[in-house]
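The values are calculated or read from the model by the stated rules, or taken from the named source; none is laboratory data. Everything quoted here is computed from the prediction, not taken from an experiment. Note that each Cβ is placed from the backbone with ideal geometry, even for glycine, and that neighbours are counted across all protein chains shown.
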Amino acid sequence: MLEPKIKGLNFWGDDVSPEEELIFGSPEFFCTLLPTGDGVASLGFWDGEELLWLMEYYHASGNDLVFYTLDEDSAVDEASKDAWLQFVSQKTPECLPWILFRLKELNLI
């Protein structure tokens, strides 16, 4: 089962150490943990050039779970849970066993 690589909460920022950054040119299944360390804050897949999909708690709206997928124009758009799961199963089936195993933890069921 493919496991996501754990990243720091601010791994997109300017003050990030090289080991926390996404490595351009290399596909990566990754996650960030909640500050409390007791759950997943975000889960995503970097295809080596772009963010292919992302699931995250959107902290500004009261910890709602939000799903994003890459559209045909290379823009990441919000998607429904069902559309997101379908997109993930088509684009990165190697990630699906971990996601399905963690459905309850990720509040997907």
Is it the case that some residue within the range 11-32 is under 23 Å from ASN107 (Cα atoms) and either at pLDDT below 80 or over 11 Å from the mean Cα position of the chain (by Cα) (or both)?
no
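Each row is one residue, and each column tells you yes or no for (1) under 18 Å from LYS5 (Cα atoms); (2) assigned to a loop (DSSP other than H, G, I, E, B); (3) aromatic (Phe, Trp, Tyr); (4) modelled with pLDDT under 95.
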{"site": "MET55", "(1), (2), (3), (4)": "yes, no, no, yes"}
{"site": "PHE67", "(1), (2), (3), (4)": "no, no, yes, yes"}
{"site": "SER74", "(1), (2), (3), (4)": "no, yes, no, yes"}
{"site": "ASP77", "(1), (2), (3), (4)": "no, no, no, yes"}
{"site": "ASP82", "(1), (2), (3), (4)": "no, no, no, yes"}
Quick one: what pairs do we get from the range 86-109, first residue over 10 Å from TRP53 (Cβ atoms) and among the basic types (Lys, Arg), second at pLDDT 90 or above and surrounded by 13 or more Cβ atoms within 10 Å (Cβ to Cβ), C-beta under 6 Å, 6+ apart or different chains?
none
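Within the range 36-50, count every residue that is modelled with pLDDT of 75 or more and exposed (fewer than 10 other Cβ atoms within 10 Å of the Cβ).
Number of matching residues: 1.
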